[in-house]
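Right, one structure below, let's go through it.
The values are calculated or read from the model by the stated rules, or taken from the named source; none is laboratory data. The shown structure was predicted, so the numbers you read here are calculated from the model rather than taken from an experiment. Please note: Cβ atoms are built from the backbone with ideal geometry, for glycine as well, and neighbour counts cover all protein chains shown. The accessibility values were calculated without ligands, DNA or RNA, using every heavy atom of the protein model including side chains. Shrake-Rupley method; radii C 1.70, N 1.55, O 1.52, S 1.80 Å.
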Amino acid sequence: MDSKLEEYIVDHSSPEGDYLYRLWRATNIHTIHGRMASGCLQGRLLKMLTQMIRPKNVLEVGTFSGYSAICMAEGLEEGATVYTFEINDEMEDFAREWIEGSSVADKIRFIIGDANEMAPRLGITFDMAFVDGDKRHYVETYETVLSILRPGGFIIADNTLWDGHVVDPAYDHDQQTKGIRLFNDHVAADERVEEVILPMRDGLTLIRKK
């Protein structure tokens, strides 16, 4: 997206607030892949989608610094919870500090481990899921999430255009690009769901389980 157009869109959207801005700044300063954080525009969309769906239980695969988990928790009604999984334990101290310091800490359960193994063990049926984990395993994660998602529930998958690499032959041998292409093809052919890809940031796919 053109930087001026993006600035215009952000200026005409609800602000993220000081705490999330400071988290975004800290993520970019103190982590290697700071741009992986959702950021203001996507974060506001996640909050609004959560308010629209009104889930009781939300599953997040890939906490990273905690930005997106906090955004979704901001949109939750009382008594609802975000269960967020991060497989990289090196992010635990950073993310946990920011999650526990937020105003919605009581709505977030932060778990270190593989969501594909651990989420089904919770015995919870989810209403909504945000998938932002290892792109090489997106299809596996999708199938795991779909199996514990209620009919009519939603999956939001991040990075599904992968900086345009999905249509660039130069990335035909890149494993993460191959994983996303396989995921996109898998979802498009899946009659159990309805889906639409939004060309926002790095691509965001909205998926509804029938």
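Restricting 64, 110 to those that are modelled with pLDDT under 95 and in contact with a strand residue (DSSP E or B) (Cβ under 8 Å, 6 or more places away or on another chain) reduces the list to 64. Among the residues of region 140-164, those that are in contact with an Asp or Glu (Cβ under 7 Å, 6 or more places away or on another chain) and open to solvent by less than 80 Å² (accessible area, probe 1.4 Å) comprise 150, 153, 158, 159, 161, 162. Within region 32-40, is even one residue more than 21 Å from residue 135 (Cα to Cα), in contact with a helix residue (DSSP H, G or I) (Cβ under 9 Å, 6 or more places away or on another chain) and at pLDDT below 95? The answer is yes; a qualifying residue exists. Being part of a helix (DSSP H, G or I) and open to solvent by 30 Å² or more (accessible area, probe 1.4 Å) is the filter here; which residues of region 167-183 pass it? Within region 167-183, 167, 169, 170, 171, 175, 176, 178, 181, 182 qualify. With the condition kept exactly as written, say whether any residue in region 123-130 is of a type in the set (Asp, Glu), modelled with pLDDT of 95 or more and closer than 29 Å to residue 79 by Cα. Yes: one or more hits.
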